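Enquirer: Submitted below is the structure of interest, expressed as structure tokens.
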Amino acid sequence: MDRTNVNTGNDTLELVYQTTMQQKQRNDESQQAEATGQNDPNSPTPQGHCSNNRISDSANTITNHNVMTDMSKNVGKFDGEKGPNIIARMWLQQIENVATIYKWPDAYTYQVAISSLTGAASHWYSGKTNEVIDWLSFKLAFCKTFTSEPSRTDLWERMVS
């Protein structure tokens with residue numbers, strides 16, 4: 001895949017994903033080594049120090065990057081325009097399904113969600129950036145705004161118009 005043609009938004013999503021996955025991999029390897037008792041006294045600890053108090057040389061560390069297909073393209077856009085709230089629920093469920101299948105961390109799922117907002121939904125998010133800061137707060141605010149049941153007043157106004 002030619003990486004030079006990827007736009008900046010997808011680069012950001014991929015970088016967030018790669019960083020999160022690398023940290024998870026390091027944590028998993030550290031936990032596995034502790035569980036099996038295979039800690040090398042000279043190997044770096046998760047804090048970057050050796051157990052014999054020598055600081056590891058991070059400049060010589062080779063970092064592996066896992067390149068994966070951008071599955072965020074499987075998530076459709078959401079504009080938040082008037083319509084049945086089932087559309088909003090289906091869009092949110094689509095994101096959660098893709099995130100589960102591809103084991104996306106919450107930070108990546110959040111970035112995919114906000115980058116998939118357009119129109120009124122994007123404008124809504126712009127006004128919520130102080131309170132919507134992660135995947136959980138996004139889901140709660142999104143559901144409250146776009147999937148709540150219409151009030152009796154709203155239903156009455158629809159009937160008489």
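None of the figures in this text is laboratory data; all of them are computed from the coordinates on show. Only a predicted model underlies this, so the values are computations on that prediction, with no experimental measurement involved. Neighbour counts are summed over all protein chains in view; Cβ atoms, including those assigned to glycine, are modelled from backbone coordinates with ideal geometry.
Enquirer: To the nearest 20 debye, what is the magnitude of the charge dipole of the stretch 66-142 about its Cα centre, counting +1 on the Cβ of each Lys and Arg and -1 on the Cβ of each Asp and Glu?
Expert: That gives a dipole near 140 debye.
Enquirer: By counting other Cβ atoms within 10 Å of each Cβ, how are Tyr108, Tyr125 ranked from fewest to most?
Expert: Ordered from fewest to most neighbouring Cβ atoms within 10 Å, Tyr108, Tyr125 come out as Tyr125, Tyr108.
Enquirer: Just to verify a number: FRET efficiency for Gln22 and Glu131, C-beta to C-beta distance, R0 = 41 Å, to 0.05?
Expert: Efficiency for this residue pair is about 0.90.
Enquirer: Order by neighbour count: Val112, Val160, fewest other Cβ atoms within 10 Å first, most last.
Expert: The most exposed by this proxy come first: Val160, Val112.
Enquirer: Can I ask one more? Restricting to DSSP loop positions (anything but H, G, I, E, B) with no more than 12 other Cβ atoms inside 10 Å of their own Cβ, which GluC sites (Glu not before Pro) remain in the stretch 77-161?
Expert: Glu81, Glu131
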